[in-house]
Amino acid sequence: MIFVICFAIMFLPLTILFPMRVKGKKNLPKKQGYVLTCNHYSNMDPVMLDVKLVKKLRFLAKKELFKNKFVGFFLKKFGAHPVDRGASDIKAFKFALETLKNKKPLGIFPEGTRNKTESEEMQEIKSGAIVFASKAGVPIVPAALSRPIKFLRFSTLIIGEPFFVKGENPSRLTKEEIEENVKILTQKTNELRENYKNIKENNKKIKK
């Protein structure tokens, strides 16, 4: 209920003040859980993904954000769950799997931390999204922000086609198979941004 109220209050202001286009929304599965991955620039990213997709995504967020009880309360209402990035967090792992098995989307920023520059180069992608998708038997939906979300500046969220992890036994990937799937996710994410960039450049040439 709190999520619905806050969402209704925030939707219009955030849509106007932080304009964002969404490309490929039709690629989001409708009847099953999935892992939505995206590059990460700021703490605005998870909120804007909720707003622009009109969907409550469940996110794993660093536990430091929950130190303030007031902030932590609202983060949890918006679907966030604390995770200890410096250790094997069993509670966070169970939260992720339960989310996916209950046919709900799980949002993951696979870089593991914010990219504090406007560089198009992604930081090293971690394996969490691969492991969760593997254990839950759900697809990964790669997405990419064209650039950091900023006040009164258009940005674009590009959503790619879902794919399943590859391996001899997809539910029990070996270390080597996990690493190979990390490469696949990295490649697919980079291709989304590169293809979008090429389309924009071609459109500019046509207009000239």
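The values are calculated or read from the model by the stated rules, or taken from the named source; none is laboratory data. Values in this document were obtained by computation on a predicted structure and should not be read as measured data. A quick note on method: Cβ atoms are made from the backbone with ideal geometry, for glycine too, and the neighbour counts reach across all protein chains shown.
Restricting to region 152-196, and then to whatever is aliphatic (A, V, I, L, M) and part of a helix (DSSP H, G or I), can you tell me which residue is nearest to Ile140 (Cα to Cα)?
Ranking the qualifying residues of region 152-196, first place goes to Leu185.
Scan (1) among the hydrophobic types (A, V, I, L, M, F, W, C); (2) surrounded by 19 or more Cβ atoms within 10 Å (Cβ to Cβ); (3) touching a strand residue (DSSP E or B) at 6+ places or on another chain (Cβ under 6 Å) for the single condition Phe66 breaks and write down its number.
That leaves (2) as the condition not met.
In region 154-180, which residues are over 16 Å from Leu36 (Cβ atoms), surrounded by 15 or more Cβ atoms within 10 Å (Cβ to Cβ) and not β-branched (Val, Ile, Thr)?
The answer is Ser155, Gly167, Pro170, Leu173, Glu177, Glu180.
Could you grab me the full set of residues in region 8-47 that are out of contact with any strand residue (DSSP E or B) (no Cβ under 6 Å at 6 or more places or on another chain), crowded, with 17+ Cβ neighbours inside 10 Å and within 20 Å of Thr99 (Cβ to Cβ)?
Residues satisfying the conditions are Gly33, His40, Asp45, Val47.
Lys31 fails exactly one of the following numbered conditions: (1) at pLDDT 85 or above; (2) within 23 Å of Leu14 (Cβ to Cβ); (3) among the charged types (D, E, K, R). What is the number of that condition?
Lys31 satisfies all of (1) at pLDDT 85 or above; (2) within 23 Å of Leu14 (Cβ to Cβ); (3) among the charged types (D, E, K, R) except (2).
Is it fair to say Ile199 is assigned to a helix (DSSP H, G or I), at pLDDT 95 or above and either closer than 20 Å to Pro105 by Cβ or among the hydrophobic types (A, V, I, L, M, F, W, C) (or both)?
Taking the combined requirement at face value, the residue does not satisfy it.
Output the residues belonging to region 130-179 that are under 19 Å from the mean Cα position of the chain (by Cα) and among the hydroxyl-bearing types (Ser, Thr, Tyr).
Matches in region 130-179: Ser134, Ser146, Ser155, Thr156.
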